[in-house]
Amino acid sequence: SPQGLITKFKREILKYMYIKVVEFPIHFKSSNFSCVVFGLRLCQGDPLAFKCSPASLEGNWEILLDSLITTFGDDSWPVRDACCIAAGNFVSALPTQTFSKHTVLYEKFMENVIDPIASVRQGGAVAVAKLLSVNEQVFPKIVSFLEESFKGVKVQTEDNSKFGRLEPGPGQFGVVRRIQQDEDKQENGTMYSCGSLAPKMKAKQPTGGGCSSCTSFTRKEEPWERADGSLVLLVECAKVTATHPQMMDEICRLFNLACEEIRSNRHFDAHQQLHETFAKQMILFAEAVGKKPFKNLLVGSFDILLYAANSPVLLTKAAAEESLASLSKFIGPSILRGRAEMTHQDSIETLDRALNSPMSVPQHQVTGMRTAEDNYGAFIGMAPGRSY
C-alpha cells in the first residue's frame, strides 16, 4: 500500500540518519562541547532504538551504548537522566544483543535510582524495570536493594536538610560553599546554572567547575532519598512482573515492608516528601497488581495516606487526597470506605473530605508522577504548553 511504502521509506531515511548520529558525537567526544553534543544525541537516541530495525542497528548499537555508559558520569544531571532513559530503551529494543552489557547497565541505572534529584531517580527506576523485563536474573538483586533501602529509612537523621553538607547561610559573593570538604575544588571555577549547556564540565575529574549539580559538587544521597527512589522502582517492577506470580508475591511483600517502614519513621522533615511520592505512586501500583490483590494491601497504606491528607505541606496533602479519590474510583467507594472503617474509624472525616472535594494543584497529576521522558522533555522545552 502507499502508506506502507511511505513507512518503509521513512525507516530507510532514519537508518541513514542513525549512522550519522552515531558518528557525530563519538568524533567530538573529547571536545569542549561534549556536554552539548551528548545531550543532543541522547535526546535522539531513545526513539532510534525502537524505530530502527535490529538489522540497521547491527554494528553501531554497541558504539552508541558504550558512549551512553560513559555519559552516566557527565556533570549535567539532565544529560545523565537522558542517557539513562536512552540506555533503558536500547535494552528493551535489543535485549539479546545488549546482554553482555546488562551487568554494568544495572549498576549505572541503580546509581540514578538513588540520585538526589527526583526526576533522575524516576528515570533510573524506569530503566531498571526495562532491564528486568528482558533479564529476570536481576530480580534477586533488585529485591535485596529494595529491602535494604526501605529498612534504611530508620537511620535517617532528624536534622536532615536538602543541602546538608553545605553551609546554611550565604557564602562569600553569594556562592554556596561545602562544609569542611574539598573547598579547594570550588576555587576559581565558573559556576553555571543547573543543566545549562556550558562547555566541557570536567566530569569525574579532580578539578572543579560545572554547575552546582555536577558530580564534583554533588552530595551523597540521604536514606530517605534511597527509599523515595525505591518506591518508584517498586511500582515500575510491579508493572513488568504482573504475569509472574512468584515475583508479584515478592513485590507485594516489599510493598508491605515499605508501608511499615514509612509509617513508623516520621522523625525527619523530609518524610513529607516521601509521603508525597508514596501517594503519587499508589494508583499506579494498584493498577499494576490488580484490584483483587490490591484490596489485601489497603490497610497498610491507610496509615500513610490518611496521615498525609492532613499534612501542613500542601503538595503532600494534595497528593494524598487525590490518591484516595483515584483509589476510590479504581476499587469502588464503598469498598474503600468499608476497609477504612474497619481499622481507621477516627479518620473517616478525612477520607470523606478527600473523596468529595480533593485538593488539587496545577502541577499535580492524579495518575501519578510524569513519565521519565516527559520529565526530561519538559526540562529542555520539548513539551510546550505543559506544566512542570
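Structure notes:
- The criterion of at least 1 residues that are at pLDDT 80 or above and either touching a helix residue (DSSP H, G or I) at 6+ places or on another chain (Cβ under 6 Å) or not aliphatic (A, V, I, L, M) (or both) is met by the following helices (runs of 4 or more DSSP H) wholly inside the stretch 28-143: 61-71, 77-93, 102-113, 118-134.
Table: residues versus (1) crowded, with 17+ Cβ neighbours inside 10 Å; (2) farther than 15 Å from residue 294 by Cα; (3) modelled with pLDDT under 90.
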residue: 329; (1), (2), (3): no, no, no
residue: 333; (1), (2), (3): no, no, no
residue: 337; (1), (2), (3): no, no, no
residue: 340; (1), (2), (3): yes, no, no
residue: 343; (1), (2), (3): no, yes, yes
residue: 351; (1), (2), (3): yes, yes, no
residue: 356; (1), (2), (3): no, yes, yes
residue: 360; (1), (2), (3): no, yes, yes
residue: 363; (1), (2), (3): no, yes, yes
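- Residue 311 part of a loop (DSSP other than H, G, I, E, B) and among the small types (Gly, Ala, Ser): yes
- Contacts under 7 angstrom Cβ, first residue in the stretch 103-128 being without any contact (Cβ under 8 Å) to a residue 12 or more places away in the chain and within 16 Å of residue 75 (Cα to Cα), partner open to solvent by 10 Å² or more (accessible area, probe 1.4 Å) and hydrophobic (A, V, I, L, M, F, W, C), 6 or more apart: none
The values are calculated or read from the model by the stated rules, or taken from the named source; none is laboratory data. What you are looking at is a predicted structure, and each value in this text was computed from that prediction instead of being measured. Neighbour counts run over all protein chains shown; Cβ positions are idealised from the backbone, glycine included. Side chains are part of the model used for accessible areas, which takes the heavy atoms of the whole protein and leaves out ligands, DNA and RNA. Shrake-Rupley method; radii C 1.70, N 1.55, O 1.52, S 1.80 Å.
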